[in-house]
Each structure stands twice: as structure tokens, then as C-alpha cells.
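Trainee: Below you will find the structure I want to go over with you.
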Amino acid sequence: MNKTYLKMLKIGTFVSVLLVLSGCDLSLFNPKGEIAEYEKWLVIFSALIMLIVIIPCIFMAIIFPWWFRESNKKAKYTPNWQESKVLEKFMWGVPIAIIAVLAFVTIQSTIDLNPKKPIESHKEELVIEVISMDWQWLFIYPEEKIATINSIYIPTHRPLKFKLTSQTVMNAFFIPQLGTQLDVMSGMENVLHLIANEEGVFPGASYNYSGAGYSDMKFKVNTVSEEEFDQWVLTQQAKNSHPLDWDKYQEFVKETPINAPEQFFHPVEQGLYLRVISQFFDLNQLKEHMHMQMQHLHSAQ
Amino acid sequence: MFGNLTIDSIPWNEPIPLAAFGVIILIVLAVLATITFTKRWGWLWTNWLTTTDHKKIGIIYIIVAIIMLIRGFADAIMMRTQLALASTGDQVGYLPPEHYDQIFSAHGVIMIFFMATPFIIGLMNIVVPLQVGKRDVAFPTLNAVSIWLTVAGAILINLSLGIGEFARTGWVAYAPLSEKLYSPSVGVDYYIWSLQVSGLGTTFAAINMFVTILRGRARGMKLFDMPLFTWSTLCTSVLIMAVFPILTATMILLALDRYLGFEIFTNTLGGGNQMMYVNLIWAWGHPEVYILILPAFGIYSEIVSTFSRKYLFGYKALVWAIIAILFMSLTVWLHHFFTMGAGVNVNAFFGITTMFIAIPTGVKVFNWLFTIYGGRVKMDVPMLWAIGFLILFVLGGMTGVMLAIPGVNYSVHNTEFVVAHFHNTIIPGVVFGVLAGYNFWFPKVFGFRLHKGWGYTTFWLWFIGFIVAFAPLYLAGFDGMPRRISQNVDLRYGPYLVVAWVGAVLIFFGIVAIIVQLFVSIAQRHKLQDVTGDPWDGRTLEWSIASPPPSYNFAVIPAVDEPDLFWKQKQEGTAYPENKQYQDIYMPKNTALGFVAGGVLAGLLSFTLVWSIWWLAIIFFGVAILLWIIDSFKDHEEICIPKEEVEKTDLAFLEKVKQFNMPQGGRE
């Protein structure tokens, strides 16, 4: 084999191996939870099925103009050829077939990945209330009466229920390695169910631009075993000196920190999260909302 | 007296915008001085500022587009530099967030509204009347108003550099971030009024094109005899007329919130609904990207067919595909907010309608490929752009369909993946398209071709630059990098962002090459002269007349019975008929209304509205409306071009054609 070709082949292999290896590191292809795992395969599947037709298209876009170039006298010139029943069927058929498959996959995956749908598990859900502010994240564990700023602790293999709202403008809550991003808006609530399957520290951030401090609206997701999580909860609860109530919350609202440090609070005023949402409510609507919540509680009991 | 405008509105302590603004002022002064010293004011006024000639108006549109391309790219390279710096060590870079946020907002607005849109409308203005065999557009005065409204908007957005500031909200300015509470400065007001003014211009231009095509076609030309670019213009005009009013209304509602304290999109107790803003802005915003891409599809169709010297494969399929895309594009806007928490049915429905658009688009790609198949491909600059488009655009389409699947969207929405995707459709789709069209129709407008070598250089710089700049962003998106961040960027994104910066530098040289190509071509214009009016062995009507065409385009309006009429006539040897029946031609006279009411007054009006100088705003508005009313009562005078003159010009052209043996149109 020609030496130059060999060298090119080596470099080519090296580069593609490098690309594949770097691909494994990308957070989307390195999921740490069921939802993200599902989304990873959805990305790969949808890309591959389209590449079936995209790659030949690119190939044709290079070969056709080259072969039918003006100087190539071997190429047959057919200036009036402008119709072909066979090709026409193929031209409509292939895209329709691919889109039909993708449409089916879309319906099924949208049902499966519905963020509002609780994750099936024999374990009880952990509820975390999330409030985005300018420019930090407040996380409240209502049952544990703990709150944190820019940092969350979650146990592995236990379904998580995030209840999301905003104090100010729109933001988006996203932990890439756990999957599914969801917008947060003031006076409204979004619900997101996730689960983590591996321990580690994963980055999370706001993904919807929200002003000058947006770049630093990051938070750390500490995923630990269930025992460690329980231990963490107990440690936080033992430190009884940092209460979070409505007045303290009002202080947060006024400041607009950039790159805010992690903080921990206990105890947390009951119903703080609902109060944050309801400050944007019409009073009548609020009453109705509270009424429905009460009914929901009763029926659950 | 002067509303909110004070001497402190000028950002004295911010060197970068001040320097940029200073440079702009110096350039403007230099241009004005040159005009004064060469005593060109009269010439400028009669030939350009008051013109109603659709070709000249098209040229002004394209000049605006190229200037704004440079401005928008300056923003782009500043962002890329900031991100490369902020991800490789010092974390802070050289731009504070409040400055960076203005830059990305301005970049988006400028590239969409003041670069891509004017470029496309400019090409439509030049080409459509020639392709349908018409002497001018349907409403020449309105056409002049349209261009000067666009120019006013472009000047307004550049004023925000040095007087006040621009919006820090992104190019779609989501409420409530764009409300007074969170954006108290005039930035969003600049956004609102520059969009209103130029949006009005775009709407008028669409109405003009729509009527020109439906009512002004040459004898015998049925809809299915129209060239593809005309078809795409017709569909684009329908789309603009359908969705630009939504933008206008949305901006009015936002202005009511900001100026008069309405609570339409706020999140405070008034009961506003911020989701409605997102809904409205995308009901306009998504069709907008098809407004840009459909004409580009038309340009590619013309070019692929001409340079393959072959009939378009599946002309009817191509037309129906454009019509299908027109209607489908109105049913997909919700895919921009899958992550807002809509239910399964809504998300799945909009996901599927979105991916349906891939079907007609795929058909079009096959049509172009099979047009090349069996052709005799002449590799020239426009064809190279078209092939580059085919190679890159299919990838952008693929990532688009991926984003249309809600489950995929949940994991890459608002990441750099989205940035890479839409640049992958807009750069190889729209920008390659307009640059191809620019190289293709330039000789028709100016009578000489653009330099081929510099054309190739431009192409390769853009093609490679695009890949180097945006391929890493796909990877950064897969790695979860949020879009629009500027500070403290995670170090693992550093390699991607440095490579992307290199790509941006390549594109910079691509833009330099466009300018060099223009100047080299002007210098060599005699060598590059297009004597016959048909430099590419063209197929459609515009190539059958002289380059540049006379002000009245056609000495005698031809009768048309198929899209590639000129090509067929060349084959049959009837392309340049003699013994025509010449007649007097009446052309509209110049009008100052467009420049004065559309440009000066609308520009001043929007500037006073930005700064809440109400009394002046009322005066400017009143005078503009008054001028318009007065103008509508006038009998529009026309210039008569006597038939002797028409005959003389036409015979001279035919003589030239005979002298230089014409290409034979597909013969061996």
C-alpha cells in the first residue's frame, strides 16, 4: 500500500476513535438516570434512521455534479429528462416512510417521557420544590423541612418529584445527565419526575436566558446512596440555627446575586412554596387552588 | 422636553460600543463629505433616493443587507471571542454580561431582519418583474416606501450602539424579561420600534410582490408557467401577509405594557400571561424562518437547472412542495416550547406536524439531485454554492427533525445544539442562497460578472468556516452547554469554543472575500463584461434582455407558455425575435414620498418613541400621514419613453447579440 495512503488511514482512524471516545464523555451520551437513558437512545435512533437517507443524499450531491461535469464526455446528457414515475414514488416514499416511523416513535416516547407522569417504583417519591430567582436556585424539601441554595442532595433509585416555579422571569430547570428540561414560570407550577441511578456530582443550571446573572445560575446535584441521603437529612435537621421563613425569603428576593454560594436552611416555614406561587395569584383563583389542594389531600388520605 | 433622552444616555464609560459608534459616525461623515465634494447630491436624489425603479430599489435592499451582514458578524466574532476566553482560563473574558447580552440580542435581530430579509426582498425586487415579464412592480411608490422603512429600522438599531442601549433579552424578547420591571432601559424600546418599522416595510413589500405576480404576468403565462423563484416569492408573500401582522400586534401589546402600564404579558398581579407572549412571538417567528428559506429554495432551483443545462426534474412536485411547506409552516410554532409543560397530546401533535415538513423538503432535495443527474454541469460560483447547500442543509434538516421529537427536545432544548441547528439551516440554506443569487443575477443588474476566483475563495472560506464553527457546537450541545451564557463557562467546553472561534475567523475572511470580490470585479468590469445579457446560458425571461436592462425592462412584452421559455426559444432559434411592434412606454415618475415619509419621518418617529418624546412623535406621525394622504390625491405622472427610442435601444441590443455568437441552449 502506498505510504501516504497508509498515513492518512492511520490519522483518519485516530481522529475517528478520538471523536467516538469524546462522544462517550458527552453528558447526553453518559446518562445517570432512566429518563436520560431513554432520551439518549431516542437521539441515537432518530439520527441513525435519518442518516439512512441523508448519507446517500450527501454522496449523490458530490458524485452527480462531478460525474456530469461539462468536461466529462463519457457522461450521458439528457437535457429533456424531467419526469420519472419510478423515481417520483421513491422520492415521496422514502421520506414518508422515515417520517411515519419517527411519528410513531414520537407518539410513544412523548407518552413515556411525559414529565408529569410519576416514575413507577415501590419506593416513595421524594418531593423537592424548586424556585428560580435572580440569579440563584432555592430548593425546598417540604417533608424534611430543609432548604438549600444552588445545591441539591438526592438519593439514587428513588423517584423524584420536582415542583417548579419562579420568583421572577422565566428560567428552565435542567440536569442534563438526569434528563428532561422544563420551564419555570412565576405564578405557575410545572411538575417534573426524574430518577437517578448512579452516585456522583452532576451539574444543573438554568437553560432559559434570564438576565445578567444567567451564566452563573448553576447548581450542583449530589447524588448519594439512600443511607447517605438520610444521614445528610439528619445532619441538616440537627443544625437548627438557619430557619427560612417568609421574611427571610423576602431578603432573597431583593438581592440579585451572581455566582451565589451554596447555603442550607432548617427549619423551613410550611407552605412557603405555595405562598411564592400565590403572590402572583388573583385571590379568588388562589382560594380555588387551595380548595382543590385540600380536596386532593383528603382524597389521598 | 426631550423625554428620557439626556446627555448621560450616551455610554461614555463603555469604550467598546462608543468606539464602534464613533467608527460608524466617521464612515457616515466620510461618505457624506465625498458626496458633497464630488457634487453628487443631485445625482443621488434623482437616481437613488427618489427612485421607483424596482431594480434600483432591489440594489439598495442588497447594499443594506451587506452592510448589516458586516455589523451582525462583528457581533458574532465578539461573542465567539468572549466565549473562547471565558472557557479557557480567565473565566471572565473581556465582555461583562450586560454588554454581551445586548450583543447576542442585536446579532439575532440584525441577521434575521436586516440582513437575510432585505437580501431576499432585494433579490425578489430585482428578479420577479423580469421573470414574469413586467415593466415594474404593481405599486412602485409603495415599493419606495418599503425600502426606506427598512433603512429607517436599520439605522435605528445602529443608533442604539451610541445612544442608550439595545435590548438584553434575546432576539424574541420573551416577556416578562422584556417588561419594564426587568428591562427598565430603552433597549427593548429600540427592539420594538426597529421591528415595527422594518416589519411594516416587509409587509408592504410582500403585498407588492403578491399583486405583481398575480396580476402582472406577461401574456399567456399561467401559474404553472412561472419560474421557481417567482413561485417561491409568491408563497413567501402569502406567508409574510399571514404572519407579520401577528408580529405587529405582539409588539403593540408589549409596547402598551411598557409605555402605558397595561398588564398583558407581565407576571405581576395584573393578571398578565407570559405564556401568551411566547405563543404569539413564535406564531410569527416560526413561519419567519420559512419566509427566509422558501425564496432560497427558489434561487437554488433556478441555479441548479441553469448550470446543469437541464429542465428542472419534477417541476410540479417542486411547486407543490413549496405550497405544502407554506401551509405546514403555519402549524408547527409550538415546537419552540415543548419544555413549557404542555400535555402529551399537544406536544406529540406539534412534533409530528413539524417533522411532516421534512417530507416536501426531502422531495425538493431529490428533485435538485435528479436535475443534476444527466446534466452537463458547468461549475461556476453560483452552482458551487448550490452544491455546498445540498451537502450541508440535509444535516441541518436532520437535526431539525430530531428537535421536533419532544423527547429529544427535552434533552437538547436551549443548548448549543439548537444554536448549531438553526445556523445549520440558515447559513447553508439562506446565506448560501442569497450569495448564490447575488453571484447569479449580478451581471443582469450591472452588466458585468463577478470575479470567479474570488467567488470560489468566498465559497470555500464560508463552507469550511461554517463546518469548523458549528460542528463543535453540536458536540457542546450534546455535552449540555446552555446557549446564551457568557461568563464562567465550564472548562470542558473550552476546546469546542476555541475551534468554533477559528471557524468564525474563517467566516470573517469569507466576508472580506465578498468585499474584495466586489472591488476586483468593478476594477475588471470591462474584462468581465456581459455583452449579450445571457452570461450563463440562461433559461428564464430575465436573460433574454440586455444587461443592465433598460428602465422599462422589455421593449415588447413577450408571450409566455412555459417556465423555460427562453431556453426553448434558443434551441428553436427564435430567441431574439425581430420586427417587433414597438409602442410608447409609460413609466412612473420618481417620488420623494418613500424617502421622506418612509425613511426620514418614520425613522425620526420611532426614535422619538424610543425616548418618549411625545410631542415630537405626534408631529412626525402627523406630518408623515399628511404627506401620504396628499400624495394619494395626486395624479401620478408618468414619463413617456417614445417608441423610436425604445426601438433604437432594442435594435442596438439585438445587433450586439448577433455579433457575439449566442450559446445555443443545450445543443451539442
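The values are calculated or read from the model by the stated rules, or taken from the named source; none is laboratory data. Everything numeric in this text was worked out from a predicted model, so none of it was measured. Note that we place each Cβ from the backbone using ideal geometry, even for glycine, and neighbour counts take in every protein chain shown. Heavy atoms of the whole protein, side chains included, go into the accessibility calculation; ligands, DNA and RNA do not. Shrake-Rupley method; radii C 1.70, N 1.55, O 1.52, S 1.80 Å.
Trainee: Projected onto the charge dipole of the protein assembly as shown (+1 at Lys/Arg Cβ, -1 at Asp/Glu Cβ, origin at the Cα centre), which of A:I128, B:G388, B:T248 gives the Cα projection farthest towards the positive end?
Mentor: B:G388
Trainee: Sticking with this one: Quick one: ranking B:L142, B:L32 by accessible area, 1.4 Å probe, largest first, what do you get?
Mentor: Putting B:L142, B:L32 in descending order of accessible area: B:L32, B:L142.
Trainee: Per residue, what accessible area does chain B have, given a 1.4 Å probe and all protein chains present, in Å²?
Mentor: Result: 35 Å² of accessible area for each residue.
Trainee: Determine which lysines satisfy two conditions relative to B:K134: a Cα distance under 18 Å, and not lying fewer than 8 residues away in the same chain.
Mentor: B:K134 reaches B:K55, B:K56, B:K222, B:K444, B:K580, B:K589, B:K643.
Trainee: To continue, here is another question. When we measure straight from the Cα of B:K527, which aspartates and glutamates land under 19 angstrom away, once same-chain ones fewer than 8 places off are left out?
Mentor: Counting by Cα, and skipping residues close in sequence, B:K527 has these aspartates and glutamates nearby: B:D380, B:D537.
Trainee: Now, a different point. Just to be sure I understand: with springs between alpha-carbon atoms less than 10 Å apart, which residue in A:S215, A:S121, A:S206 has the highest mean-square fluctuation in the Gaussian network model of chain A?
Mentor: A:S121
Trainee: Separation between the A:Q250 and B:N345 pseudo-spin-labels, each 7 Å from Cα along Cα→Cβ, expressed in nm?
Mentor: Distance between label points: 4.4 nm.
Trainee: Right, something else. So how much accessible area does A:W135 have, in Å² to the nearest 10, using a 1.4 Å probe?
Mentor: A:W135 exposes around 30 Å² with every protein chain in place.
Trainee: Now a separate question. Run a plain Debye calculation on the protein assembly as shown (Cα atoms as equal point scatterers, no solvent) and give log10 I(q)/I(0) at q = 0.06, 0.08, 0.11 Å⁻¹, rounded to two decimals, same order as the q list.
Mentor: Values, matching the q order: -0.46, -0.81, -1.43.
Trainee: May I ask you to rank B:Y586, B:Y259 by accessible area, largest first, using a 1.4 Å probe over the protein chains only?
Mentor: Largest accessible area first, the list is B:Y586, B:Y259.
Trainee: Please work out the average accessible area per residue across chain A, using the 1.4 Å probe convention, and give it in Å².
Mentor: On a per-residue basis, chain A sits at 51 Å².
Trainee: From other protein chains only, count the Cβ atoms within 10 Å of every residue's Cβ in B:316-327, then give the mean.
Mentor: 1
Trainee: Could you calculate the contour length gain from B:L32 to B:I618, that is, 0.36 nm times the residue separation minus the distance between their Cα atoms, to one decimal place in nm?
Mentor: 208.0 nm
Trainee: While we're on this one: Residue by residue through A:27-40, how many Cβ atoms from other chains fall within 10 Å of the Cβ on average?
Mentor: 3
Trainee: Once the whole set of protein chains is in place, how much accessible area is left on B:H423, using a 1.4 Å probe, in Å² to the nearest 10?
Mentor: Answer for B:H423: close to 40 Å² accessible.
Trainee: Of the heavy-atom accessible surface of the protein assembly as shown (probe 1.4 angstrom), what whole percent is carbon and sulfur?
Mentor: The C+S portion of the solvent-accessible surface of the protein assembly as shown is 67 percent.
Trainee: Which percent of Cα-Cα pairs in chain B sits in each 20 Å bin, short to long?
Mentor: Going out from 0 Å in 20 Å bins, chain B shows 18, 53, 27, 2 percent.
Trainee: Related question: Report the number of Lys pairs in the range A:126-281 whose alpha-carbons are under 16 Å apart, with separation of 8 or more residues or on distinct chains.
Mentor: Lysine pairs meeting the criterion: 4.
Trainee: Then there is this: Just how much of B:M481 is accessible, in Å², when a 1.4 Å probe is used and the result is rounded to the nearest 10?
Mentor: B:M481 has an accessible surface of roughly 0 Å² with all protein chains in place.
Trainee: Separate question: Would you rank B:D635, B:D257, A:D230, A:D112 by solvent-accessible area, highest first, keeping every protein chain in place and using a 1.4 Å probe?
Mentor: The ranking, largest first, comes out as B:D635, A:D230, A:D112, B:D257.
Trainee: Taking the Cα centre of the protein assembly as shown as the origin, how large is its charge dipole in debye, to the nearest 20, when only Lys and Arg (+1) and Asp and Glu (-1) carry charge on their Cβ atoms?
Mentor: Magnitude of the dipole: close to 3840 debye.
Trainee: If you take the accessible area of A alone plus B alone and subtract the pair, what total do you get in square angstrom, rounded to 100, with a 1.4 Å probe?
Mentor: Buried area (both sides, nearest 100 Å²): 7500 Å².
Trainee: Cross-link partners among lysines for A:K89, C-alpha distance below 23 Å, same-chain residues fewer than 8 apart left out?
Mentor: Output for A:K89: B:K310, B:K316, B:K364.
Trainee: Give, as a single signed number, the net charge of other residues whose beta carbon lies under 13 Å from the beta carbon of B:D225, with Lys and Arg counted +1 and Asp and Glu -1.
Mentor: Once all neighbours under 13 Å are counted, the net charge is +3.
Trainee: Alpha carbon centre of the range B:405-420 versus the range B:553-603: separation in Å?
Mentor: Result: 47 Å between the Cα centres.
Trainee: Still on this structure, please answer the following. Cut-off 10 angstrom, C-alpha nodes, Gaussian network model of chain A. Which of A:M91, A:M50, A:M185 fluctuates the most?
Mentor: Among A:M91, A:M50, A:M185, the largest mean-square fluctuation in the Gaussian network model of chain A belongs to A:M91.
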